[in-house]
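What follows is a short report on a single structure.
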Amino acid sequence: MRPVQIKEGIHWVGVVDWNCRNFHGYALSSKGTTYNAFYVEDEKRALVDTVPAAFESQFLCSVSQLTELEKIDYIVVNHLEPDHSGCLARMVELCKPEKIFISPMGAKSLATFFDCKDWPIVIANSGDEISLGKKTLRFYETKMLHWPDNMFTCIPEAKMLISSDAFGQNWATSERFADEVSKEKVTDLMAQYYANIVNPYSPKVTKTIEFLESINLDIDTLCPDHGLMFRGEDVAYACQKYVEYAEQRTTNKAVIIYDTMWKSTERMANAIASGLADEGISVRIMNVKANHHSDIMSEVFDAGAVILGSPTHNNGILPGMADVLTYVKGLRPQNKIGACFGSFGWSGECVKILREWLEKMNMEIIDPNIKVKNRPDHKSYEECYELGREIAKAIKIKNA
Ligand SMILES: Cc1cc2nc3c(=O)[nH]c(=O)nc-3n(C[C@H](O)[C@H](O)[C@H](O)COP(=O)(O)O)c2cc1C
């Protein structure tokens with residue numbers, strides 16, 4: 001894509017990755033993604049962020065349409081992750097910048113990514129500024145949102161905030177702004193991105209938004225490093241969504257995550273779902289073989305209850321369940337009700353193990369954990385149905 005002017009003297013020089021379906025090798029990105037980078041022209045010229053190394057030629061082509069590369073004075077490294085720093089070494093070589101701005105934590109890690117001993121590094125402490133002439137670049141450290149080195153770059157005169165991975169969405173589009181596409185879709189993709197990447201750092205999100213409010217940062221353009229950018233009223237909208245996501249509010253929804261070999265556990269899942277649905281709870285039944293762990297996490301994100309099912313397999317649970325649970329636990333979902341169930345043949349460790357997972361995720365467990373030997377009979381179906389109803393009542397009380 002050609003550069004896109006965002007404000008006078010400020011251009012988007014990112015790339016659109018139409019074919020990305022597996023974001024960073026672990027999260028679904030079924031609509032592709034973008035890597036946003038920015039060129040700011042004033043008396044001094046600055047580049048904020050780069051793109052993955054695989055897109056180097058597109059990136060060079062884009063920046064070169066706006067300036068000769070040697071005329072770039074400053075490079076800002078908001079984030080060292082390779083999707084944003086992939087062309088950094090090449091840009092340093094070609095631009096020979098006077099200064100490279102990076103956060104204190106970024107400076108500590110830089111040499112573990114690049115051979116950078118001769119680079120003109122300037123450590124940007126939170127609040128530090130550099131004048132470009134009429135415009136200023138001001139840096140805010142956002143440690144652990146979502147890596148230790150992350151920072152935001154603000155251009156106060158342009159009322160613009162470049163927010164690194166925060167507020168991102170994985171969506172490859174020819175449009176650059178959220179107001180040019182469906183708001184519902186961009187919100188959904190922003191929530192998916194949050195659930196699968198930002199969620200563990202929710203306390204940091206809350207603090208960052210409180211900090212930006214405390215300094216009365218006057219922003220009308222919010223530019224994440226992935227997906228659509230927000231302008232006008234959409235800036236407050238995106239910030240409000242982040243406030244809500246960080247609170248990890250739950251809805252009257254339950255997710256049943258399960259695996260099965262011979263369908264006994266699946267039948268139990270269906271009976272639990274009936275009990276939940278009859279109490280007015282919206283249910284998602286998600287077999288781990290039919291659903292990617294990203295999609296499961298996106299549903300877990302706002303669910304009131306997470307219900308786990310697995311048969312006993314070699315004195316444990318099925319490997320697909322362990323895989324999904326490792327992923328979900330790492331993303332630290334909060335405020336959930338939990339329950340578990342499963343079928344077994346002889347030793348029956350499944351529910352004990354599933355319960356331990358629920359405990360590790362600090363879920364409020366609804367008893368009983370239901371364990372059925374081989375095939376569920378009429379009584380077991382009744383027990384599963386009743387468990388569903390009990391979970392539903394607990395969700396409603398919690399969300400009341
Ligand atoms: C390879 C294999 C290993 C199993 N290991 C155990 C086990 O260690 N302990 C146990 O109680 N049952 C074990 N079972 C029995 C299953 O738990 C039992 O068949 C159960 O009803 C399957 O539930 P499903 O229909 O949901 O797959 C095993 C079954 C298979 C096929």
| If each of Met1 and Glu68 carries a label point 7 Å out from its Cα toward its Cβ, how far apart are those two points in nm? | 3.0 nm
| said: For a test of the definition: using alpha carbon positions, the gyration tensor, and the 1.5 limit on a/c, classify the stretch 135-187 as rounded, prolate or oblate. | reply: oblate
| Which pairs in the list Lys289/Lys371; Lys108/Lys329; Lys143/Lys398; Lys241/Lys336; Lys7/Lys96 are over 23 Å apart, alpha-carbon to alpha-carbon? | Lys108/Lys329; Lys143/Lys398; Lys7/Lys96
| remark: Heavy-atom accessible area of the stretch 55-162 with neighbours in place, 1.4 angstrom probe: carbon+sulfur share in percent works out to 53 percent
| message | Students often check this: by mean Cβ neighbours within 10 Å, which of 298-305, 106-113, 213-220 ranks highest, and how do the rest follow? | response | 298-305, 106-113, 213-220
| query | Which whole number in µm²/s is D for the chain by Stokes-Einstein, with the Kirkwood Rh taken over Cα pairs at 10 °C and 1.306 mPa s? | reply | 70 µm²/s
| Among the trypsin sites (Lys or Arg not before Pro) within the stretch 132-221, which fall in a DSSP loop and have no more than 15 other Cβ atoms within 10 Å of their own Cβ? | Lys134
| At a 1.4 Å probe radius, carbon and sulfur cover how many percent of the accessible area of the stretch 320-382? | 50 percent
| message | What does DSSP give for the chain in terms of the percent of beta bridges that are antiparallel, rounded to the nearest 5? | response | 45 percent
| Between rounded, prolate and oblate, where does the stretch 172-246 land on the alpha carbon gyration tensor, with a ≥ b ≥ c its root eigenvalues, rounded for a/c under 1.5, else prolate if a/b exceeds b/c? | oblate
| note | With Cys87 itself left out, Lys, Arg at +1 and Asp, Glu at -1 over residues whose Cβ is under 12 Å from its Cβ give -3
| task | Quick one: work out the % antiparallel among DSSP beta bridges in the stretch 248-371, nearest 5. | result | 5 percent
| task | Mind grabbing the base-10 log of I(q)/I(0) for the stretch 274-392 at q = 0.13, 0.19, 0.20 Å⁻¹? Debye formula, identical points on the C-alpha positions, no solvent, two decimal places. | result | -0.48, -1.08, -1.20
| request: Could you give me the percent of Cα pairs per 10 Å distance bin for the stretch 54-126, shortest bin first, beginning at zero and ending with the bin that holds the maximum distance? | output: 19, 55, 25, 2
| message | Run the helix sum for the chain: -39,500 (n - 2.57) per DSSP H stretch of 4+ residues, divided by residue count, reported at 222 nm to the nearest 500 deg cm²/dmol. | response | -10500 deg cm²/dmol
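Shape verdict for the stretch 9-115, please, from the Cα gyration tensor: rounded (a/c under 1.5), prolate (a/b greater than b/c) or oblate.
oblate
If R0 is 51 Å, what FRET efficiency do you get for Gln334 and Thr136 from their C-beta distance, rounded to 0.05?
Details: r = 38 Å, r/R0 = 0.74.
It comes to 0.85.
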| query | Under a 1.4 Å probe, what is the accessible area of the chain per residue, stated in Å²? | reply | 42 Å²
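The values are calculated or read from the model by the stated rules, or taken from the named source; none is laboratory data. Model, not experiment: these values are computed from the prediction. Here Cβ is always computed from backbone atoms with ideal geometry, including for glycine, and neighbour counts include all displayed protein chains. Side chains included, ligands, DNA and RNA excluded: accessible areas come from the protein's heavy atoms. Shrake-Rupley method; radii C 1.70, N 1.55, O 1.52, S 1.80 Å.
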